[in-house]
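The values are calculated or read from the model by the stated rules, or taken from the named source; none is laboratory data. Source: prediction; values computed, not measured. So basically every Cβ, Gly included, is an ideal-geometry build from the backbone, and we count neighbours across all protein chains shown.
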Amino acid sequence: MFHARSAQLLYLLVSVLILLKTEGFNVGITYVTNAVAKGAVCLDGSPPAYHFDKGFGAGTNNWLVHIEGGGWCNNVTTCLARKNTRLGSSKKMVTQLSFSGLLSNKPQFNPDFYNWNRIKVRYCDGASFTGDVEAVDRATNLHYRGARIFLAVIEDLLAKGMKNAENAILSGCSAGGLTSILHCDSFRALVPMGTKVKCFSDAGYFINAKDVSGALHIEGVYNEVVMTHGSAKNLPASCTSKMRPSLCFFPQNVAQGIQTPLFMVNAAYDSWQIKNILAPGVADPHGLWHNCKIDVKNCSPTQLKTMQDFRLEFLSALPALGSSTSKGMFINSCYAHCQTEMQELWLRNDSPRLSNKTIAKAVGDWYYDRSPFQKIDCPYPCDNTCHNRVFDPQEHPSV
Ligand SMILES: *[C@@H]1O[C@H](CO)[C@@H](O)[C@H](O)[C@H]1NC(C)=O
Ligand SMILES: *[C@@H]1O[C@H](CO)[C@@H](O)[C@H](O)[C@H]1NC(C)=O
């Protein structure tokens, strides 16, 4: 009896482990060593890198370039702090990365893109691939060269076959999702004219909202990022011709001017934005938001009201859609951040849905022009398909 039960449990455990294992697979790193001669280097001067799983069958000439996220460094202090980490040096990156969700190579997990060439570009510049400062400070040896990395990586992929692409997507999550917006038109311009190109941002729509103390915290951070990295000349000209360059780091000031079709997946209560834009540590010195940021279930009625107002501000920052279906959006009411790289969020029986469509289905239908998708969820807590994040209380949120 006891043995039968344990055997059953063991069987269950092994099945779950196999399931988890088959959902992702490891892809090795490629260092773009020829980028170094172009000055296209990580913060520490090391070569940039990506992970590349080759396309096959009908997907041989299709390319998905997905950009890794990881916040930003806004000044010498914070850039030095990340210089000798995986976010500032390819010497510190793991050499194998698990591909799942939109990077999966299995049709049942990723029906529209499984056989494409799938690339995950590692993030090591600290400014969403917008920086370009020629001078290297001898004292710090910091290199601000994100825009050069972007160009060098795309040129490398073109040489590896992307010059023959029939279909191409630039995507990314978080700071990488922001890259896919800011570089959308420049990506379009780099791939051949005949290629069908669209861009897709996951959790990259960071809004310029005041924090709970009334300060323009994120605006200050972005201003420092743009100044430190010399990003102005690499931000979309349709925006920089109209306003201060640092404001052109915000998708809300850029999206309308982007010509290439663009899809935004974002939670209206994006957990990174709640933690770092709405209620950053500096705006909450007594830590009143701490428990709420860890688990949305802990939020007080007053905090929930503040978050509902944040959602409304988020919605009003989205581009006006008009009659165009070239812009797509999947804006759900989850407490989440990045919903495409994990299989359970991208496509599974219990994945988040809007109008009964998973993110994988909405994005696939939009890319292939099967049907447009522009949906905004009802307010929290109406959506029972969410996988709301619960953070470890030990990792104190800060930026
Ligand atoms: C750099 O930015 C961080 C975070 O915003 C801040 O705490 C720090 O004081 C800044 N350092 C300098 C030298 O400006
Ligand atoms: C939602 O979609 C699933 C298949 O993805 C289908 O089985 C189910 O019937 C749909 N539900 C509704 C209410 O349309």
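The condition of being surrounded by fewer than 18 Cβ atoms within 10 Å (Cβ to Cβ), in contact (Cβ under 8 Å) with a residue 24 or more places away in the chain, part of a loop (DSSP other than H, G, I, E, B) and hydroxyl-bearing (Ser, Thr, Tyr) holds for only one of 340, 325, that being 325.
Residue count for the range 189-213, restricted to those that are more than 15 Å from the chain's Cα centre (by Cα), β-branched (Val, Ile, Thr) and part of a loop (DSSP other than H, G, I, E, B): 3.
So which residues in the range 26-77 are within 16 Å of ligand 1 (Cβ to nearest atom) and free of Cβ contacts under 8 Å to residues at least 24 places away in the same chain, if there are any at all?
Of all residues in the range 26-77, those within 16 Å of ligand 1 (Cβ to nearest atom) come to 43, 70-77.
Scanning the range 26-77 gives a single hit, 77.
In the range 144-157, the residues that are of a type in the set (Ser, Thr, Tyr) form Cβ pairs under 7 Å with partners that are surrounded by fewer than 22 Cβ atoms within 10 Å (Cβ to Cβ) and part of a helix (DSSP H, G or I), at six or more places apart or across chains, as follows: 144/228. Taken over the range 19-39, the criterion of being of a type outside the set (Lys, Arg), modelled with pLDDT under 95 and over 22 Å from the mean Cα position of the chain (by Cα) is satisfied by 19, 20, 22. Look at residue 319 and say whether it is assigned to a loop (DSSP other than H, G, I, E, B), touching a strand residue (DSSP E or B) at 6+ places or on another chain (Cβ under 7 Å) and more than 16 Å from residue 202 (Cβ to Cβ). So residue 319 passes the test.
Do you know which of the residues in the range 338-385 that are over 27 Å from residue 121 (Cα atoms) and hydroxyl-bearing (Ser, Thr, Tyr) is farthest from ligand 1 (Cβ to nearest atom)? Once the filter is applied, the top-ranked residue is 371.
Can you work out which of the residues in the range 64-118 that are basic (Lys, Arg), in a helix (DSSP H, G or I) and touching a Leu at 6+ places or on another chain (Cβ under 7 Å) is nearest to ligand 2 (Cβ to nearest atom)? Even if it seems obvious, please write down each step before you answer.
Taking the range 64-118 as the starting set, the residues that turn out to be basic (Lys, Arg) are 82-83, 86, 91-92, 106, 118.
Still in the running and in a helix (DSSP H, G or I): 82-83, 91-92.
Applying the additional criterion that residues be touching a Leu at 6+ places or on another chain (Cβ under 7 Å) yields 82-83.
Working: 82: 41, 83: 46 Å.
Restricting to residues being basic (Lys, Arg), in a helix (DSSP H, G or I) and touching a Leu at 6+ places or on another chain (Cβ under 7 Å), the top hit is 82.
When residues in the range 342-360 are screened for being farther than 18 Å from residue 378 by Cβ, within 13 Å of ligand 2 (Cβ to nearest atom) and charged (D, E, K, R), 2 of them pass.
Of the residues making up the range 339-395, just one is in contact with a strand residue (DSSP E or B) (Cβ under 7 Å, 6 or more places away or on another chain), closer than 23 Å to residue 68 by Cβ and of a type in the set (Asp, Glu), namely 341.
Just checking, does the range 130-147 include any residue being assigned to a loop (DSSP other than H, G, I, E, B), in contact with a strand residue (DSSP E or B) (Cβ under 9 Å, 6 or more places away or on another chain) and at pLDDT 95 or above? Working first, answer last.
Our first condition is that a residue be assigned to a loop (DSSP other than H, G, I, E, B); within the range 130-147, this holds for 130-145.
Subset that is in contact with a strand residue (DSSP E or B) (Cβ under 9 Å, 6 or more places away or on another chain): none.
Looking for residues that are assigned to a loop (DSSP other than H, G, I, E, B), in contact with a strand residue (DSSP E or B) (Cβ under 9 Å, 6 or more places away or on another chain) and at pLDDT 95 or above, one finds none in the range 130-147, hence no.
Quick check on the range 255-263. Is at least one of its residues aliphatic (A, V, I, L, M), free of Cβ contacts under 8 Å to residues at least 40 places away in the same chain and either in contact with a Pro (Cβ under 9 Å, 6 or more places away or on another chain) or closer than 27 Å to residue 42 by Cβ (or both)? Give the steps one after another, and end with the answer.
Initially, the range 255-263 is screened for residues aliphatic (A, V, I, L, M), giving 255, 258, 262.
Restricting the remaining residues to those that are free of Cβ contacts under 8 Å to residues at least 40 places away in the same chain gives none.
No, the range 255-263 has no match at all.
Among (1) on the phi > 0 side of the Ramachandran plot; (2) in contact with a helix residue (DSSP H, G or I) (Cβ under 6 Å, 6 or more places away or on another chain), where does residue 141 come up short? For residue 141, the failing item is (2).
Every residue in the range 128-151 that is small (Gly, Ala, Ser) and surrounded by 22 or more Cβ atoms within 10 Å (Cβ to Cβ), please.
Keep residues of the range 128-151 that are small (Gly, Ala, Ser), which gives 128, 131, 135, 139, 146-147.
128, 131, 146, 147 - these are the residues of the range 128-151 that are small (Gly, Ala, Ser) and surrounded by 22 or more Cβ atoms within 10 Å (Cβ to Cβ).
The residue of the range 40-63 that is farthest from the chain's Cα centre (by Cα), among those that are part of a loop (DSSP other than H, G, I, E, B) and either hydrophobic (A, V, I, L, M, F, W, C) or crowded, with 24+ Cβ neighbours inside 10 Å (or both), is 56.
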